[in-house]
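The structure appears right after this line, and notes come after that.
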Amino acid sequence: MEIINFILAVSPIIIVLAGILAFKQSAMKVAPLALLWTVLLALTYFNVQGLTFQQNIVAIDALLWKGVKEGFKIVVMVFGAFVILNTLKKTGAIEDVKNAIANVSGQDRRVQLIIIGFMVPIFLEGAAGAGAPAAIAAPFLVALGFEPITAIAVALLGDATPCSWGGAGLTTINGGAALVEAGVSTNALNSAMVGRIHMFGALIIPFLVIALAFGRRGFKGIIPYLFYAGITTGGVMFLLSNFVGPEVTSMGTGIIAILLSVLYVRFIPIKTPDEFRYKASGESERKYNAFRALSPYIYMLVLMPAIRYGVPAIWPETGFSTLCTFGYISWVDAVILVCGVLGAITLGVKWAELKGIFSQTVKSVTPVMITMGSLLIMAYTMQSENTGMMSLIAGAIAGVAQFAYPAAAVIIGGLGSFITGTGLGSNIMFAGMHMEAAAALGMNPITVFAGQNAAASLGNLICPNNTVAACATVGEIGHENKVMKKTLVAFAVLIVLYMILAMLYTLVIFPNFGM
């Protein structure tokens, strides 16, 4: 009976994965089917609270409108990112963007990929979070001439580690609140331990990025730089998470890593094979200078941290709550859209042309609403106490694990964010459960939660919501299967590494950490 319960509880996830990967269907077709099946289970098999049909409908109706509302917020962010990309295409500023980045990255396209696809998302996660890194980095990479599917996969991979801190450390601070309130840990300890896991992820991600984008041939002449990028990024992440605090870890790591990388290519020449050398277009005359060409992104890099940290500083009591009146992601949506408009003005786009860009973008992102709404309603239904589906899945995994519970916490963390689309959501759902399990098994709750927290960040790499949103920003809706085939391989490598680290840290290296 328990096996049947587990299979049925996990069946919506299987439908999504099988539909996208095995049957190569678009998420827009698969998501509504998975939602219908989830609702059917909620009304029948998983009506765990014995609600009447009418009560169930009322509960599901509330989740439906919540999914539509939250899905709309994601679509608005996608809209803003797509406006920027379409503006760059319309004005021809894309070529000047490429030239500007080439000058910074030493003309090597692989270095461009690491800086924009790996380091910039880390900065953006700390500055804003809420899906902004992939939504911004993916179209930026496309603007640089990278193939869209590769650009999406790399942008998602670049955001695989910093989500454990997110905007101003919220994922660790709010997500680990159960441990702090119980007096078994502190925000500083939670941040320090997850940093000790992610520093190894940051070390190998540059290699995964190159392998994902170019295969084996991509490593020719660039291995020293990749070690440098991984060691410096992971080292800065470790230092900030352990000795400064969760609030600045992501943003600080991103900006320092970018600066260190630029210094490397300035002083240590990379032997770039011709196939990886950036080739400027035949036109010798620039249309825009570097500032004007990059203006939408420059505005974003300035305004996001300024608003995120400035508003609470100026209005400490109500500033942040006011900023998030319509939900955390709303202010991020507004900033991206404003930066798109400001960038268009800077590039000299006329109002009639901007209206045309808006109209074109609306047509491109409309199908996203169906997909995002369906996936979010499915996730909310599985998380709901009325069904208990997500708790059942996590409990079943934990029950089998026993001494290997730290590794199980990693799996649960990744699964939680795969369903919810956020590391914060996964941490809030399971932090208390991990704390209780650690106490029962005589294990360190801080290291167990760190495994949960780290894997919850990784789960964003393969989350269907994030994949759909990123695909939408570069006009690749319907090709989610191609992206997930790439990201699943990277996810598998990282999740195995994190399971090993969680076991070693809990049972061998840090059994008494913080205790």
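Look through segment 462-503, keep the residues that are of a type in the set (Gly, Ala, Ser) and closer than 19 Å to Ala34 by Cβ, and return whichever of them is surrounded by the fewest Cβ atoms within 10 Å (Cβ to Cβ). If you could, list the steps in order and put the result at the bottom.
Kept after step one, since they are of a type in the set (Gly, Ala, Ser), are these residues of segment 462-503: 469-470, 472, 475, 478, 490, 492, 502.
When the remaining residues are screened for being closer than 19 Å to Ala34 by Cβ, the result is 469, 472, 478.
Working: Ala469: 27, Ala472: 29, Gly478: 17.
The selected residue is Gly478.
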Can you confirm whether Thr506 is touching a helix residue (DSSP H, G or I) at 6+ places or on another chain (Cβ under 6 Å), surrounded by 22 or more Cβ atoms within 10 Å (Cβ to Cβ) and under 23 Å from Ile370 (Cα atoms)? no
Against the definition (crowded, with 23+ Cβ neighbours inside 10 Å, within 27 Å of the chain's Cα centre (by Cα) and closer than 23 Å to Glu480 by Cβ), how does Val76 come out, yes or no? no
Give segment 440-480 a look and list any residue that's part of a helix (DSSP H, G or I) and free of Cβ contacts under 8 Å to residues at least 24 places away in the same chain, or say none. Ala440
Those residues of segment 103-114 which are part of a helix (DSSP H, G or I) and buried (at least 20 other Cβ atoms within 10 Å of the Cβ) amount to Arg109, Arg110, Val111, Gln112, Leu113, Ile114
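Taking segment 85-99 as the search range and keeping residues that are out of contact with any Ser or Thr (no Cβ under 9 Å at 6 or more places or on another chain) and within 13 Å of Phe358 (Cβ to Cβ), which one is surrounded by the most Cβ atoms within 10 Å (Cβ to Cβ)?
Within segment 85-99, the first condition is being out of contact with any Ser or Thr (no Cβ under 9 Å at 6 or more places or on another chain), and the residues that meet it are 87-92, 94, 96-97.
Filter again for within 13 Å of Phe358 (Cβ to Cβ), leaving 87, 90.
Values: Thr87: 24, Lys90: 17.
Top of the filtered list is Thr87.
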Taking first residues from segment 25-51 that are surrounded by 15 or more Cβ atoms within 10 Å (Cβ to Cβ) and second residues anywhere that are outside any helix (DSSP H, G or I), the pairs with Cβ under 6 Å that are 6 or more apart or on different chains are Ser26/Gly478; Ala42/Thr387; Phe46/Thr387; Val48/Gly388
In the list Leu239, Leu263, Leu226, which residue meets the criterion of being over 29 Å from Gly176 (Cα atoms) and free of Cβ contacts under 8 Å to residues at least 24 places away in the same chain? Leu263
Take segment 132-184 and flag every residue that is crowded, with 22+ Cβ neighbours inside 10 Å, small (Gly, Ala, Ser) and modelled with pLDDT of 85 or more. Ala137, Ala138, Ala151, Ala153, Ala155, Gly158, Ala160, Ser164, Gly175, Gly176
Kindly provide the set of residues from segment 225-254 that are under 22 Å from Lys98 (Cβ atoms) and within 19 Å of the chain's Cα centre (by Cα), ordered by number. Gly254
Taking segment 15-51 and the residues there that are modelled with pLDDT under 90 and polar (S, T, N, Q), the one that is farthest from the chain's Cα centre (by Cα) would be Gln49
Matching residues, segment 312-326, being more than 19 Å from Glu70 (Cβ to Cβ), of a type outside the set (A, V, I, L, M, F, W, C) and assigned to a helix (DSSP H, G or I): Pro312, Gly319, Thr322
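In segment 318-333, what residues are within 11 Å of Met77 (Cβ to Cβ) and either among the aliphatic types (A, V, I, L, M) or more than 21 Å from the chain's Cα centre (by Cα) (or both)?
Of everything in segment 318-333, those that are within 11 Å of Met77 (Cβ to Cβ) and either among the aliphatic types (A, V, I, L, M) or more than 21 Å from the chain's Cα centre (by Cα) (or both) turn out to be Ile329, Val332.
The values are calculated or read from the model by the stated rules, or taken from the named source; none is laboratory data. Quick caveat: nothing in here was measured; it's all calculated off a predicted structure. Cβ sites come from the backbone with ideal geometry, for glycine too, and all protein chains shown count toward neighbours.
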